[in-house]
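S.K.: Pasting a structure below so you can have a look.
Taken together, the values in this text are just the output of simple stated rules run on the coordinates, not laboratory data. On a predicted model such as this, the values are computed, not experimentally measured, just so you know. Ideal geometry is used to build each Cβ from the backbone, glycine not excepted, and the neighbour counts take in all protein chains shown.
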Amino acid sequence: MVEIVRLVKLVKLVIMVTITRLEDLEVWQEAKKLCSGVYILTSNYPKSEEYILRKHLRESARGVASNIGEGFGRYFFRENLRFYGIAKGCLGEVKSDLYLSFDVGYFKKDLLDRFIKQVDKVELKLNGLISNVVKAMKKHGQ
């Protein structure tokens, strides 16, 4: 059993090392799906929301994927964490705006549930990425 745990840790380390392109980063892929979905969802919002809720929801969703991308492109661990933290904040804004949009009747419960599930998926992967960066910092004495 101990050998299996060691093997799993080794495989995770090898996977981390082999990700050299943003396009290969699962959390970014999922954030991009969320962003695309938000753009489609908000295209049906009323004209009165064009520069308010619709704009903010789109900017926040874009901010999740963009800040993951920017963090991934940075060289130092602290810079990675800074941008991943901003992405996490943007994700909270997306979640809040989705609930507000549902509360005012812009879409039905089944759509809310689908989007919240995607938000939670991105959050889980983002937390894992942040945790891995923190571990790497400790390993390198930072």
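S.K.: Six or more apart or on different chains, Cβ under 9 Å: which pairs go from a residue in the range 87-115 that's of a type in the set (D, E, K, R) to one that's surrounded by fewer than 17 Cβ atoms within 10 Å (Cβ to Cβ)? Could you list them?
M.R.: Partner pairs satisfying both residue conditions: Lys88/Asn127; Glu93/Glu59; Lys95/Ile116; Lys95/Asp120; Arg114/Gly37.
S.K.: Any chance the range 33-43 includes a residue that's of a type outside the set (D, E, K, R) and not in a helix (DSSP H, G or I)? Step through it out loud before you land on a result.
M.R.: Here is the first cut: in the range 33-43, the ones of a type outside the set (D, E, K, R) are 34-43.
Those still in the list that are not in a helix (DSSP H, G or I) too: 43.
Checked the range 33-43: at least one residue is of a type outside the set (D, E, K, R) and not in a helix (DSSP H, G or I).
S.K.: What number of residues within the range 17-32 are aliphatic (A, V, I, L, M) and in a helix (DSSP H, G or I)? Spell out the reasoning first.
M.R.: In the first step, residues of the range 17-32 are kept if they are aliphatic (A, V, I, L, M); the result is 17, 19, 22, 25, 27, 31.
Pick out the ones that are also in a helix (DSSP H, G or I) and you get 17, 22, 27, 31.
So the count comes out to 4.
S.K.: Further question: Name, by its number, the condition in (1) loosely packed, with under 14 Cβ neighbours inside 10 Å; (2) touching a Leu at 6+ places or on another chain (Cβ under 6 Å) that does not hold for Val64.
M.R.: It is condition (1) that Val64 fails.
S.K.: Name the single residue that is surrounded by the fewest Cβ atoms within 10 Å (Cβ to Cβ) among those in the range 29-51 being within 18 Å of Asn67 (Cα to Cα) and free of Cβ contacts under 8 Å to residues at least 60 places away in the same chain.
M.R.: Applying the filter and picking the extreme gives Ser36.
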